[in-house]
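Asker: Quick one: this structure, given as structure tokens, is what I'll be asking you about.
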């Protein structure tokens with residue numbers, strides 16, 4: 001415990017906030033190319049899992065581009081057995097994925113603690129894995145890295161598959177399957193990934209077959225001293241029958257494993273959905289308690305020469321014959337048939353032996369074969385099979401009753417959205433209506449969840465990129481983006497959305513955004529030399545605030561603008577424009593002219609720049625001497641001011 005605590009404390013990512021949104025918490029797991037942490041999404045207030053790529057991967061520009069592309073593809077994959085991808089980001093070179101957090105354990109823990117598992121338990125665990133892969137394969141996505149560590153089992157028993165697309169992103173770093181970051185998962189690699197690096201849905205089928213083998217036996221099918229030895233064992237050696245390690249496993253389970261893990265990919269099921277159908281048939285045989293089912297084992301064990309010789313062959317497990325020039329080389333003396341352990345290979349008849357079979361013997365063989373085929377057709381067809389009834393649009397309970405009347409069972413296998421079938425009613429069955437089904441077999445019901453609808457989340461106030469990312473998990477698209485000036489909303493933030501928050505919409509609907517361009521720039525006019533009154537009125541009308549200072553100026557008339565800052569360019573509303581307003585010329589001290597003669601007083605005041613006005617005292621004595629002046633002596637006044645003198 002102490003070591004674990006020390007590790008958490010010393011981890012530089014613990015406590016860090018990635019991309020301003022995800023606060024990294026305790027480390028959950030560490031692998032060959034990434035470390036997984038529990039984290040808190042600060043924006044949506046939820047617990048998520050953050051997978052952080054190891055140092056160095058973010059430095060590869062090609063990997064970073066592929067990482068983003070594959071993450072977006074995985075985010076579009078919406079299925080209840082797939083770990084949802086919410087977000088991806090690059091925080092200063094730290095590449096990360098934000099994913100659904102699944103408290104529980106991995107399939108690796110189950111195998112380590114409980115294997116070997118019973119065939120029934122193994123198939124029950126494999127079924128949801130194949131369901132997730134079927135959804136991916138339908139969407140054109142190949143996982144490439146199916147392994148027990150990527151299968152999560154929640155505390156509620158839900159099985160979910162993680163890391164879709166990540167292996168494809170890693171493959172662009174220049175590493176091969178046996179030299180690079182996939183070295184730790186080499187035990188599950190399909191042969192074609194080892195030999196030429198190519199992968200398709202059948203590569204995932206191979207890895208799923210290896211998972212099934214490991215669950216059944218507790219061991220991997222191939223071992224070696226080095227990863228390369230293990231990798232090439234997949235190329236050059238068949239996966240053995242699980243019953244060699246665990247006697248009692250039915251032959252049809254052996255056949256299922258060996259069919260899924262055929263080294264030649266054309267012999268495997270075409271994709272996870274086809275393998276899933278085979279798994280259900282095998283599971284049904286287990287439910288019946290059959291120690292062997294020759295028909296089922298035979299269906300899963302298709303002779304290689306039959307596939308190669310019939311160019312139009314399509315058994316539902318392979319999609320037609322392989323392309324010309326890509327057929328594996330076959331020995332001419334052997335037909336590869338057996339899946340049952342210990343059964344020797346059957347020698348093909350020589351040309352001489354074939355010629356001896358002509359004539360009456362050949363006719364007898366044909367008759368016996370016809371009788372055998374007819375008997376087998378009756379036993380495996382009419383006797384053991386019936387037709388699936390139409391249960392669509394029924395309530396599950398009514399569907400169970402209807403199926404029971406036909407001697408069949410039902411199982412609620414899945415739920416899905418439907419525009420046509422009301423919520424809670426059967427929308428489709430597997431097998432479909434009218435298809436052949438084994439008597440006492442099981443019909444898997446898919447029940448409608450009603451029309452698929454989503455509520456528009458609250459996006460106002462988010463950055464546009466974050467708002468667009470929030471739409472991806474709920475299958476909504478970005479519509480029109482209109483940029484508008486705003487005096488209150490920062491640039492790049494969402495101001496409004498349409499439809500509005502909490503509106504219920506169909507998947508694929510578009511959300512339109514009004515995004516802030518920030519404050520609107522306003523051109524600043526120059527009012528230098530204009531009256532302060534006019535300048536103040538015009539600037540305030542434009543949205544500015546106006547500052548005023550005053551000073552004397554001999555050249556600028558009182559009340560006019562001497563200078564302005566700024567006097568050009570642009571500002572934003574409520575920004576300040578500073579005006580300097582003239583108080584007119586500087587003040588001059590009024591000279592003292594009392595007791596001066598009228599003429600002398602006029603000369604002194606005129607020289608000082610004042611205008612002189614002479615008034616006689618009411619009791620004038622005719623002395624022509626200044627008795628008083630206004631403004632008084634030593635008062636400050638502007639040049640040009642009138643000074644009135646009173647003369648005795």
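Any read-out appearing in this document is the output of simple, stated calculations on the displayed coordinates, not a laboratory observation. Because the structure is a prediction, the values reported are computed rather than measured.
Asker: When the convex hull of the C-alpha atoms of the range 454-516 is computed, what volume per residue in Å³ does it have?
Answerer: 61 Å³
Asker: Computed over the Cα atoms, what is the radius of gyration of the range 371-522 divided by 2.2 N^0.38 Å, N being its residue count?
Answerer: 1.77
Asker: Under Stokes-Einstein, with the Kirkwood radius over Cα pairs standing in for Rh, what whole-number D in µm²/s applies to the range 512-598 at 10 °C and 1.306 mPa s?
Answerer: Roughly 104 µm²/s, to the nearest whole number.
Asker: For a quick size check, give me the Cα extents of the range 434-588 along its three principal axes, largest first, whole Å.
Answerer: So the three principal-axis extents are 122, 19, 18 Å.
Asker: Out of the DSSP beta bridges found with both residues in the range 424-515, what percent are antiparallel (nearest 5)?
Answerer: Within the range 424-515, antiparallel bridges account for around 70 percent of the total.
Asker: Per residue and in cubic angstrom, what volume does the convex hull of the Cα atoms of the range 384-448 have?
Answerer: In the range 384-448, the Cα hull volume divided by residue count equals 60 Å³.
Asker: Between the range 473-535 and the range 556-577, what's the alpha-carbon centroid distance in Å?
Answerer: Comparing the Cα centres of the range 473-535 and the range 556-577, I get a distance of 29 Å.
Asker: Follow-up. Can you classify the range 215-288 as rounded, prolate or oblate using the Cα gyration tensor, where a ≥ b ≥ c are the square roots of its eigenvalues, rounded means a/c under 1.5, and otherwise it's prolate if a/b beats b/c and oblate if not?
Answerer: Oblate, because a/c is 1.5 or more while a/b does not exceed b/c.
Asker: Continuing with this model, one more query. Could you work out the Kirkwood radius for the range 528-648, taking every pair of different alpha carbons, averaging 1/r and inverting it, reported in Å?
Answerer: Its Kirkwood hydrodynamic radius stands at 17.0 Å.
Asker: Please compute the volume of the convex hull spanned by the alpha-carbon atoms of the range 588-647 and report it per residue in Å³.
Answerer: 57 Å³
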